[in-house]
Amino acid sequence: MEPTKKCSIISWLEEYWHVSTPFLAVYVTVLLVLFVLKENFALFLIWLQTPVYWVHQFEEYVYPGGFVEFFNRKVLGSKREDWPLTKTHALWINVPIIFVAFPLSAILAGLVDVSIGVWTAYFSILNALSHVGMFFKHGYNPGLVASALLNIPVGAYTVYYFATSYPLSLGAHVASFLVALAIQGTLMVWGLKFMKAKAEQSF
């Protein structure tokens with residue numbers, strides 16, 4: 001019975017994980033403004049990347065939603081809206097990065113060194129730019145508005161702040177950028193090469 005139970009939990013998460021994003025975004029932002037903003041502005045900027053990205057995910061998967069369908073039909077050219085990119089893929093891409101790695105990096109930034117969390121700003125910018133890139137080829141895509149109005153401005157300001165008002169070493173910036181680039185690059189290669197090949201095999 002245990003495997004069935006686990007399967008049902010995963011199935012529930014696949015359907016509803018993104019519903020939490022607007023509530024988490026508001027709740028965490030309020031906490032950040034009340035308890036972090038005045039105490040440690042640098043750490044505030046690192047933490048801010050997480051609720052900003054939750055708003056991004058809200059647009060992608062809740063309202064107007066439809067990123068999986070958009071990516072399959074428009075980007076991959078699949079005949080099906082639910083394949084080869086699936087809800088399972090969306091869960092295991094988004095949750096480990098944004099729900100786990102982002103907050104964990106912010107925690108470590110506060111406990112160890114603030115530079116540990118700077119990669120999240122770079123990743124937010126790079127991923128947002130991918131949405132802008134898709135816009136020029138496919139038009140509006142879920143996540144575009146948040147990318148343009150939140151991810152890029154907030155991420156860019158964070159990078160600027162750590163380059164001027166709270167200067168980090170060049171090595172810290174390079175390392176942060178490379179981490180973000182490695183994650184975003186892996187996602188793009190997987191999506192545009194591997195998944196594209198799977199979509200073409202269905203023809």
Open item on the list: Given contacts defined as C-alpha pairs under 8 Å and at least six residues apart, what's the relative contact order of the range 50-137, whole-number percent?
Closed with: 19
TODO: Could you please put Phe44, Phe136 in sequence from largest to smallest accessible area, using a 1.4 Å probe?
DONE: Phe136, Phe44
Open item on the list: With θ taken as phi - 60° and the coefficients 6.51, -1.76 and 1.60, list the Karplus ³J(HN,Hα) couplings across the range 133-145 in order, rounded to whole Hz; mark glycine and proline as x.
Closed with: x, 5, 4, 5, 9, 10, x, 4, 9, x, x, 5, 5
Task: Helical mean residue ellipticity (222 nm; -39500 (n - 2.57) per DSSP H run of 4+; nearest 500) of the chain - done: -20500 deg cm²/dmol
Open item on the list: Output wanted: per-residue J couplings in Hz (rounded whole) for the range 94-109, from phi through Karplus 6.51 cos²θ - 1.76 cosθ + 1.60, θ = phi - 60°, x for Gly and Pro.
Closed with: 6, 5, x, 6, 8, 8, 10, 5, 4, x, 4, 5, 5, 4, 5, 4
Open item on the list: So, taking all protein chains as they sit and a 1.4 Å probe, how much accessible area belongs to Phe23, in Å² rounded to tens?
Closed with: 150
Task: Fraction of accessible area attributable to carbon and sulfur, the range 20-201 (%, probe 1.4 Å) - done: 71
Task: Degrees, to the nearest 10: 170-189 long Cα axis against longest axis of the chain - done: 10
TODO: Taking a cut-off of 16 Å between Cα atoms, list the aspartates and glutamates near Lys79, but don't count ones fewer than 8 places away on the same chain.
DONE: Glu69, Glu200
Task: Label-to-label distance, nm, for residues given as Arg73 and Val100 (7 Å Cα→Cβ offset) - done: 3.2
Open item on the list: Test of understanding: what is the full-extension gain from Tyr160 to Val19, defined as 0.36 nm times their sequence separation minus their Cα-Cα distance?
Closed with: 47.5 nm
Task: Residue-by-residue Karplus 3J(HN,Hα) for the range 42-52, coefficients 6.51, -1.76, 1.60, Hz, glycine and proline x - done: 4, 5, 4, 5, 5, 5, 4, 4, 5, x, 4
Open item on the list: Helix 2-16 against the longest principal axis of the chain: what's the angle in degrees, Cα atoms only, rounded to the nearest 10?
Closed with: 70
Task: Relative contact order, percent, the chain [alpha-carbon distance under 8 Å, six or more residues apart] - done: 24
Open item on the list: Explain nothing, just the number: dipole magnitude of the chain about its Cα centre with +1 on each Lys and Arg Cβ and -1 on each Asp and Glu Cβ, in debye rounded to the nearest 20.
Closed with: 460
Task: Compactness of the range 20-201 as Cα Rg over 2.2 N^0.38 Å, two decimals - done: 1.05
Task: Selection from Leu108, Ile183, Ile9 lying farthest towards where the dipole of the chain points positive, charges on Cβ - done: Ile183
Task: Heavy-atom accessible area per residue - the chain, 1.4 Å, Å² - done: 54
TODO: Name the shape class, rounded, prolate or oblate, that the alpha-carbon gyration tensor gives for the range 76-136, where a ≥ b ≥ c are the square roots of its eigenvalues, rounded holds for a/c under 1.5, and otherwise prolate holds if a/b is larger than b/c and oblate otherwise.
DONE: oblate
Task: Extreme residue, positive dipole direction of the range 20-201, given options Val145, Val159, Leu43 (C-beta unit charges) - done: Val145
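The values are calculated or read from the model by the stated rules, or taken from the named source; none is laboratory data. Note that this is a predicted model, so its numbers are computed, not measured. FYI the Cβ positions are ideal-geometry reconstructions off the backbone, even for glycines, and counts take in every protein chain you see. In case anyone asks, the SASA skips ligands and DNA or RNA and just uses the protein heavy atoms, side chains included. Shrake-Rupley method; radii C 1.70, N 1.55, O 1.52, S 1.80 Å.
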